[in-house]
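Only the coordinates and a few stated rules stand behind these numbers; no lab work does. Remember, it's a predicted structure, so these values are computed and weren't measured experimentally. Note that each Cβ is placed from the backbone with ideal geometry, even for glycine, and that neighbours are counted across all protein chains shown.
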Amino acid sequence: MTESPVRGSLAVWASEALRRLVQVCVGGALLDMPPLLQLRGLAYRLMFPCGRGLVIGAGCLFLVPHGIRGGSLRIGRDARINRRVEIDYSGGVHIGDDVWISQNVLIETHDHVPSRKPKHEWRIASGPLRIEDGAWLGANVVVLGGVRRIGRGAVVAAGAVVTRDVGDWEIVGGVPAKLIGCVEADTS
């Protein structure tokens, strides 16, 4: 993890505030009706590099908290991001093609480094996360800041708290998430 400055410039704060405002404006349930979903997708494509076929549900928020500098968000083709998903991309997030992220998922890419100082003076460490092609994060999953990769075709069961990397084709679940199976090869 790399350390990021907590206090960003006024331009960093203003840019983040504008992105959040746009997301709140287009994130309402009214735009969940076809063809109005296309308007939401257009707004997100203007803010972030996104592939074709992206569907984003109501109430999603993609943000860089604490005025941290850096970080980017890239979303691949045919991704499905359900309602009320929050993605902290302060460390950088790459979401591959055909990734499904179910409702109420929280993805973090930073951690606070505890010390004996007052909490507002704690250092912040961040790092990148890759969610590879074909992965599926079930409802209410939490991905913590130290995770760097969720593998190709991996499945994270509903309610899991991911504290470590997930390998290709692994099925993980629980708190903390542990290996509970593997996605079977298609033999047809």
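A few points about this structure:
- Full extension of the chain between D186 and R20 gives 55.6 nm of extra length, using 0.36 nm per residue less the Cα-Cα distance.
- Taking each DSSP H run with n ≥ 4 as -39500 (n - 2.57) and averaging over every residue of the chain yields -5000 deg cm²/dmol at 222 nm.
- Loop-located GluC sites (Glu not before Pro) across the stretch 111-188 with a Cβ neighbour count of 12 or fewer within 10 Å are E184, with loop assigned by DSSP.
- Projected label distance in nm at L61 and W100, using a 7 Å step from Cα toward the beta-carbon: 2.6
- Simple spin-label estimate for L42 and R77 gives 2.3 nm between the two label positions (7 Å along the Cα-to-Cβ direction from each Cα).
- Here the relative contact order of the chain, from alpha carbon pairs under 8 Å that lie six or more residues apart, stands at 15 percent.
- Sites excluded, trypsin sites (Lys or Arg not before Pro) in DSSP loops with at most 12 other C-beta within 10 Å, longest stretch of the chain: 117-188
- Averaging the Cα positions of each part gives two centres, and for the stretch 87-133 and the stretch 148-188 these lie 18 Å apart.
- Long-range tail of P(r) for the chain (Cα pairs > 24 Å, %): 39
- Interchain or long-range residues, amide H under 5 Å from G159's placed H: A139, N140, V141
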